[in-house]
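Structure, as structure tokens:
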Amino acid sequence: MRRSETAGQADCSECGASVSSGRSREFEFGESLVLCFDCAVRRGGRYDEALDRWSEAPAIGDFGPPLD
């Protein structure tokens, strides 16, 4: 859900799995929310391996408006 005190660590906002920035293909959104790769793909996201980036963002509308 939110980034932990340990730099680069976060929990997936969907399933709670721990992900590490820079070592996985998580989808970051809002100020501190993240989806693990599997949850992002289940939500319709498409990851372009050749470009090493998300070519299509997953559906995140049910997480509400971004927090300021």
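Nothing in this text is a laboratory measurement; each read-out follows from the coordinates by a stated rule. This structure is a prediction, so every number in the text was calculated from the model and none was measured. With ideal geometry, Cβ positions are generated from the backbone for all residues, glycine too; neighbour counts draw on all protein chains shown.
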- [ ] Sort the following peptides by mean Cβ neighbour count (other Cβ atoms within 10 Å, averaged over residues), highest first: 26-36, 53-63, 9-19.
- [x] 26-36, 9-19, 53-63
Task: Added length on full extension, which subtracts the Cα-Cα distance from 0.36 nm per residue, ASP38 to ALA17 - done: 6.6 nm
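For PHE29 and ASP52, compute 0.36 nm times the residue count separating them, minus their Cα-Cα distance, and round to one decimal in nm.
Working: separation 23, 0.36 × 23 = 8.28 nm, distance 1.70 nm.
Gain on stretching PHE29 to ASP52: 6.6 nm.
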